Amino acid sequence: MRSFLADVRYAIRGFRRNPLFASAAGTLLAVGIGLNAATFSLFDAVIWKPLPAVARPSELVDLDARAASYPSFLDLRRERGKAFSGIAAWSHRWLAVAGGDRGPVPEHLPGTLVSAEYFDVLGVRLEAGRGFLRRDEDAGETVAVVSHAFARQRFGSSARALGRSFLANGVPFTVVGVTPQPFRGVGFGSVDQVWIPIGAWPRIATGGASRMKILARNWGWLNLFARRSPGIGPSEAQAAADVLVRRETAAYPKEVGQGYAIRVRPLARVAAGAGDSMHPARLLGILLGAVAVVLLIACGNLANLLLARAAGRRKEIAVRQALGASRARLIRQLLTESLLLAVSGGLGGLLVAAWLVSLIARIPIPGGQHTFGAFDPSLDLRVTGFALLVSLATGALFGIVPAISGSRASLVTSLKDERSPAGRRLGVNGVLVAGQIALCLLLLSCAGLFLRSLKNALTADLGFEPNAVAIGSVNLGLARYDEGRARAFATELARRALFLPGVRSAAWTGILPLSGDRDEESIRIPDATGTVPTAVDTLTVGPGYFETLGMPLAKGREFDARLDLPEGPPAVIVNESAARAFWPGRSAIGGHVKIAGADRTVVGVVRDSRFHTMTDRDVPSVAVDLDQMGSDGVLAAMTLVVRMRSSGDPALVLEPVKREVAGLDPTLPFFGVRTLSEVIGDVLLPQRLGSAFLGVFAALAFFLAVVGVYAVVAGSVARRVREIGIRIALGARPAQMRRMVILQTARVIAAGLVVGLPVTWASTSVLARFLYGVSPADAPTLLLSTLLLVAGALAAADLPARKAARVSPVEALRHE
């Protein structure tokens with residue numbers, strides 16, 4: 001221990017004598033380690049800690065039954081057997097919430113209907129009050145458990161919230177419990193505010209949902225999870241679930257259906273978004289790998305710096321050898337210096353990470369309503385431990401080669417202060433530079449692929465025109481409107497919007513394109529000549545919707561309030577894919593479609609568009625007139641779409657539309673107020689994040705790699721001054737010396753490319769799901785990245801090469 005402390009003191013004295021080196025190395029490490037720690041903190045929060053405040057999350061399993069009915073859940077709960085200690089059900093529902101210190105104006109907030117065992121099965125210890133009792137569920141009691149944030153915002157504190165009331169969809173609920181602050185529910189990307197017993201659903205259901213009977217076996221609407229009993233493994237849990245499925249299918253074959261099954265999965269994976277189309281785990285993994293590559297390139301630079309420093313300390317090391325120091329002792333001393341540098345860089349990295357985490361927390365979740373701050377990324381003990389391990393590993397990585405090389409100095413040559421003979425190769429430095437080239441090529445190619453993908457997506461033909469469009473949503477059912485009042489409100493708001501300055505058209509829709517929402521309805525086409533699926537994507541839209549969204553009609557007409565009356569002949573509009581699939585070889589106009597409970601006539605065919613994702617242009621869909629859907633239309637969530645004139649900025653109309661809504665009903669929540677371009681931006685968020693982050697990382701890697709090439713080549717030229725001087729004295733031309741240095745560097749670059757090209761070709765396959773219109777093995781991107789890297793490296797080598805061409809033989813040989 002005493003000798004180790006002596007090594008530390010000696011290293012500190014050495015850094016004080018060379019503060020520029022210590023500062024540069026520490027800064028480089030702080031940035032690299034800080035990037036890694038910040039990215040790991042987000043990865044840790046999203047992927048490895050998706051269920052905060054939950055006891056023993058490894059025992060919890062999701063029972064994926066593709067939405068179970070409430071009677072099916074009751075059967076499973078009653079007959080769960082010994083494999084599961086408890087089973088719970090839940091379902092997300094948006095609520096219009098008012099009351100408390102926020103006053104009577106409702107807010108549109110996420111809530112969850114849950115079974116009585118929900119908190120008990122999760123093992124969540126409430127911050128205040130109690131969870132639900134079985135009698136709360138059975139009797140449909142209007143009691144609620146609220147989040148810590150909800151209690152603080154509406155009632156001042158958790159303690160003051162207990163026993164207080166608030167309104168949910170116009171129904172008073174009493175707070176009986178408050179969840180701890182980290183708990184946010186079990187759904188990916190959700191931050192639940194209110195939990196209500198399932199039995200209370202009939203009291204708060206509105207619109208078409210109010211007609212659904214909670215005890216109907218053909219209404220699948222619940223998500224299920226369970227806690228495995230002690231000693232029960234995943235395979236045994238799956239076997240127990242299969243037994244429950246067989247019982248349910250045998251007892252109710254008609255209602256359940258033959259396709260009914262339960263897939264047992266870890267609940268933590270579901271809560272982390274596994275299987276979600278916008279799941280960020282892969283993107284976070286890519287970013288974590290990218291910052292690790294940046295750190296490796298930085299380590300290569302530091303190793304070269306330490307090699308150069310060790311060469312300058314040959315005499316010092318030789319003196320220590322002459323005084324009896326063993327080679328192992330010298331290696332330990334040099335490694336101690338490297339580790340001390342790494343630890344100091346790690347401490348600085350934690351400061352960098354703290355700043356970066358605060359920025360990351362503001363990034364929106366793809367397809368969600370919140371930012372990554374909802375996952376609470378922080379520099380906890382796990383992240384701090386990760387930063388420490390990365391620091392130690394980094395110190396060993398960039399320190400081991402210089403330590404071994406530096407301890408190998410010739411005693412006689414070093415004490416005589418003679419230069420070691422300079423070979424024609426760059427040796428260890430060249431190997432390190434080649435590794436940097438290979439890693440830099442990987443990052444440049446990944447960044448290039450993301451940039452090309454983003455460019456393709458931004459210029460793609462969506463089938464509609466998102467620019468100059470503003471949107472905002474209401475849910476008149478939650479506000480307890482009746483059908484007549486809701487239709488009158490919708491008509492009047494659309495009319496008022498048309499008179500706002502700069503507005504060209506306005507229309508209502510139930511679902512926006514590329515919003516992530518989806519509605520499927522059973523379909524039957526009596527006069528179809530093609531293949532008809534059992535269900536099809538269904539839109540509920542008002543008159544003028546397709547014109548407002550910029551979706552041209554191929555045939556027929558749009559919905560018209562004068563022709564498509566609520567009590568008139570039901571009409572539908574199909575897209576081109578539906579027309580081709582259902583009525584091949586003939587016109588779809590006049591065809592009949594039985595959907596949404598009525599036999600409807602096709603009055604128009606609209607051109608295909610990218611509705612759910614950027615790649616689903618040819619998906620059949622059917623649009624139903626909003627007014628003819630009755631309460632299922634106007635009492636569900638609706639979005640007003642407002643198109644500005646060609647020169648108009650849609651953001652300018654957002655506040656005027658808000659004022660018009662408040663003028664019609666000051667108590668109505670008007671939510672999701674934004675531009676349609678921002679909705680499209682959410683869809684492209686993975687490409688935007690990948691392009692931005694990987695672009696920055698690739699630029700940093702390119703800079704480090706180029707600087708590394710320059711430093712190594714400059715050091716090599718400095719060591720070969722005598723050789724170069726002799727060559728020039730013997731008649732070599734300066735251009736030959738310059739070409740010699742360039743060719744030597746080119747061999748190192750070529751070695752790096754030989755390794756980097758196949759590694760890059762194989763590694764970019766992980767980007768496939770984030771790329772649009774470009775292959776992971778895109779040859780032009782790889783070629784351009786290679787040419788950019790080669791050009792930068794050769795330009796960096798050319799600077800010391802020019803210096804070599806200007807070497808004076810007299811000056812070079814003067815000290816020999």
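The values are calculated or read from the model by the stated rules, or taken from the named source; none is laboratory data. Computed from a predicted structure; not experimentally measured. Cβ coordinates were reconstructed from backbone atoms using ideal geometry, including for glycine residues, and neighbour counts include every protein chain displayed. Each accessible area value is taken on the protein alone, full model and side chains, heavy atoms only, with ligands, DNA and RNA left out. Shrake-Rupley method; radii C 1.70, N 1.55, O 1.52, S 1.80 Å.
Rounded to the nearest 0.05, what FRET efficiency do Arg586 and Leu743 have when you use their Cβ-Cβ distance and R0 = 56 Å?
Values: r = 71 Å, r/R0 = 1.27.
Approximately 0.20, to the nearest 0.05.
Using the 1.4 Å probe convention, the accessible area of the chain works out to 44 Å² per residue with neighbouring protein chains retained. Residue by residue, segment 338-344 carries 3J(HN,Hα) couplings of 5, 5, 5, 4, 5, 5, 5 Hz when phi is fed to the Karplus relation 6.51 cos²θ - 1.76 cosθ + 1.60 (θ = phi - 60°); x denotes Gly or Pro. If I fit a long axis through the Cα atoms of helix 2-17 and take the longest principal axis of the Cα atoms of the chain, what angle between them do I get, 0 to 90°, rounded to 10? The angle comes out at about 90 degrees. The smallest convex shape that holds all Cα atoms of segment 441-586, its convex hull, gives 204 Å³ per residue. Across the chain, Cα pairs under 8 Å and at least six residues apart give a relative contact order of 16 percent. What the Cβ-Cβ distance of Ala779 and Thr613 gives, at R0 = 30 Å and to the nearest 0.05, is a FRET efficiency of 0.70. Estimated at 0.36 nm per residue, the fully extended path between Ala768 and Val532 surpasses their Cα-Cα distance by 81.8 nm. Residues whose amide H falls under 5 Å from that of Trp94, counting only those 5 or more places apart or on a different chain, are Gly111, with hydrogens built in the peptide plane.
Across segment 722-738, rounded Karplus estimates of 3J(HN,Hα) from the backbone phi angles (6.51 cos²θ - 1.76 cosθ + 1.60, θ = phi - 60°) give 4, 4, 5, x, 4, 4, 5, 5, 7, x, 5, 7, x, 5, 5, 5, 5 Hz, Gly and Pro being marked x. Using only side-chain charges placed at the Cβ, +1 for Lys and Arg and -1 for Asp and Glu, the dipole size of segment 727-816 relative to its Cα centre rounds to 360 debye. Rounded to a whole number of µm²/s, how large is the Stokes-Einstein D of the chain at 37 °C and 0.692 mPa s, given Rh as the Kirkwood radius over C-alpha pairs? After rounding, the answer is 105 µm²/s. Using only the alpha-carbon atoms, how far is helix 779-805 inclined from the longest principal axis of the chain? Give it as 0 to 90 degrees, nearest 10. Approximately 20 degrees, to the nearest ten. Multiplying the residue separation of Arg518 and Ser157 by 0.36 nm and subtracting their alpha-carbon distance yields 126.2 nm. Summarising the amide proton neighbourhood of Thr179: residues at separation of 5 or more, or on other chains, whose placed amide H is nearer than 5 Å comprise Glu127, Val146, Ser147, His148. Step through the table entries Lys49/Lys658; Lys213/Lys658; Lys213/Lys594, compare each Cα-Cα distance with 30 Å, and write down the pairs that go over it. Going by Cα-Cα distance, Lys49/Lys658; Lys213/Lys658 fall outside the 30 Å limit. Farthest toward the positive end of the dipole of the chain, out of Ala732, Pro526, Thr639, is the Cα of Ala732, where the dipole comes from beta carbon charges about the Cα centre.
If R0 equals 30 Å, the separation of the Cβ atoms of Lys82 and Lys213 corresponds to a calculated FRET efficiency of about 0.40. Compared with the dominant principal axis of the Cα atoms in the chain, helix 381-406 is inclined by about 20°.
Excluding ligands and nucleic acids, what accessible area in Å² is computed for Met551 using a 1.4 Å probe, to the nearest 10? Met551 exposes around 20 Å² with every protein chain in place.
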